[in-house]
1. Among (1) modelled with pLDDT of 90 or more; (2) under 26 Å from Y359 (Cβ atoms), which single condition is H128 missing?
2. Residues in the range 58-70: is at least one farther than 17 Å from M352 by Cβ and under 22 Å from the mean Cα position of the chain (by Cα)?
3. Please indicate, with yes or no, whether at least one residue in the range 74-86 is in a helix (DSSP H, G or I) and at pLDDT below 90.
4. Search the range 103-126 for residues that are without any contact (Cβ under 8 Å) to a residue 24 or more places away in the chain and pair each with any residue that is part of a helix (DSSP H, G or I) and surrounded by fewer than 22 Cβ atoms within 10 Å (Cβ to Cβ) when their beta-carbon atoms are under 6 Å apart and the residues are at least 6 apart or on different chains.
5. If T367 meets every condition in (1) in a loop (DSSP other than H, G, I, E, B); (2) of a type outside the set (A, V, I, L, M, F, W, C); (3) at pLDDT below 90; (4) out of contact with any Pro (no Cβ under 7 Å at 6 or more places or on another chain) apart from one, which number is that one?
6. Could you please let me know if S69 is over 30 Å from K179 (Cα atoms) and not basic (K, R)?
7. Please state which of the following conditions N318 fails to meet, knowing it meets all the rest: (1) crowded, with 24+ Cβ neighbours inside 10 Å; (2) part of a helix (DSSP H, G or I); (3) of a type outside the set (D, E); (4) at pLDDT below 90.
8. In the range 139-180, which residue that is assigned to a helix (DSSP H, G or I) and among the polar types (S, T, N, Q) is nearest to F303 (Cα to Cα)?
Amino acid sequence: MRLISNFFSQIDWVLLLATLPIVGAGLITMSSFSGDNYFLSHQLIWIILGLCVFFVASNIDWRFLRRSSIVASLYVAVLFLLLSLFVFGTIVKGSQSWFSFGLFAIQPVDLAKLVFVITMAKYFSRRHIEIAHYRHILVSGLYAFLLFLAVAAQPDFGSAMIVFLIWLGLVVVSGLSLKHLVIVLGSGITTFALLWFFVFAPYQKDRILTFVDPERDIRGAGYNAFQSMVAVGAGGLVGKGVGYGTQSRLEFLPEFQTDFIFAAFAEEWGFIGCLLLFSFMAVVIWRILSIAMSGSTNFEVFFGVGVAIIFMSHFIVNVGMNIGLLPVTGVTLPFMSYGGSHLVAEFLALGMLTGMSRYSRPAHADTSSQELLGPA
């Protein structure tokens with residue numbers, strides 16, 4: 001009994017319990033528009049696996065990740081994994097992003113995002129005081145660019161943008177100067193121009209052009225975004241009720257179990273339901289940042305901030321594309337979208353953060369925030 005008590009004693013129950021309503025919202029939405037409950041049954045399996053990963057990861061001492069050799073090995077391993085997709089990967093809807101194993105498939109980019117956060121946390125934890133030196137921005141940017149290129153070439157533009165946002169967010173909180181921020185943004189614009197002319201597939205260009213003018217091709221590239229906005233607007237204040245979302249049930253709304261699950265949810269639960277969903281996600285982000293600020297070293301602090309950036313980026317991008325404010329990029333909604341790879345990676349990230357909190361120092365919070373936001 002004492003062993004079991006110790007196993008659960010350090011769990012941040014507020015963090016974990018805040019994820020469960022979001023998970024439940026995804027399950028209810030899937031069950032309401034899937035007659036044979038295919039998505040529901042498979043998602044339940046991934047949720048159980050994700051929770052098991054969370055509890056195991058919460059009881060691991062992650063201080064070994066402070067070793068440069070371990071972090072370098074992880075980074076090289078995920079980069080090799082992403083590159084091997086071009087040889088062994090399965091093409092799904094135009095993107096070669098999956099390893100197929102018959103009954104299930106794995107998307108390694110979700111794990112790559114987490115490893116990238118670990119890599120950046122290690123790099124900035126040793127050099128954040130010197131972040132004003134531009135060479136550190138270039139070196140960290142090189143780490144980001146290699147992963148960005150490997151993901152964008154699949155092509156998976158949405159995940160590539162998440163990699164960029166992780167890097168940009170961590171660089172900014174590390175104390176990037178305004179001059180360097182302008183240079184970084186200029187570099188980003190230049191990179192986007194190069195990607196537009198030499199990397200983006202025609203359908204990706206259509207998505208971006210449709211974002212600028214959603215009505216330019218409603219029957220083609222703009223169809224998904226248009227139907228999503230219709231579904232969100234149809235929800236009104238209190239929604240149509242569970243099982244009565246016509247856009248999803250009548251299959252006007254495509255990918256309503258993954259990319260557009262927020263639109264399907266909004267149609268059934270309305271504005272009030274969306275506010276509740278946002279509230280629970282805000283609690284998750286708050287707890288992540290609270291744990292991060294009490295990290296025993298800068299590595300734990302940067303890791304926690306990086307995890308928060310992953311969740312915020314996914315949430316903002318997914319909701320933004322569902323309501324027509326951002327282009328459709330195929331980014332999943334944390335804990336809600338159907339799929340196992342992102343769910344397991346999300347619960348692993350929370351488990352790692354909880355494990356790190358076991359050796360945190362609460363008195364470190366004030367000094368952490370000072371070190372995090374200002375260069376020497």
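The values are calculated or read from the model by the stated rules, or taken from the named source; none is laboratory data. No experiment lies behind these values; they were computed from the predicted model shown. Cβ coordinates were reconstructed from backbone atoms using ideal geometry, including for glycine residues, and neighbour counts include every protein chain displayed.
1. For H128, the failing item is (1).
2. Step one: list which residues in the range 58-70 are farther than 17 Å from M352 by Cβ, which gives 68-69.
Still in the running and under 22 Å from the mean Cα position of the chain (by Cα): none.
No, every residue in the range 58-70 fails to be farther than 17 Å from M352 by Cβ and under 22 Å from the mean Cα position of the chain (by Cα).
3. We begin by selecting, within the range 74-86, every residue in a helix (DSSP H, G or I); these are 74-86.
Those still in the list that are at pLDDT below 90 too: 85-86.
Yes, that holds for at least one residue.
4. So the pair list comes out as Y123/S140.
5. (1)
6. Working: over 30 Å from K179 (Cα atoms): yes; not basic (K, R): yes.
When the stated conditions are applied, S69 passes them.
7. Of the numbered conditions (1) crowded, with 24+ Cβ neighbours inside 10 Å; (2) part of a helix (DSSP H, G or I); (3) of a type outside the set (D, E); (4) at pLDDT below 90, the odd one out for N318 is (4).
8. Within the range 139-180, the subset assigned to a helix (DSSP H, G or I) is 139-152, 157-173, 178-180.
So of that shortlist, the ones also among the polar types (S, T, N, Q) come out as 140, 159.
Details: S140: 15, S159: 19 Å.
Here the answer is S140.
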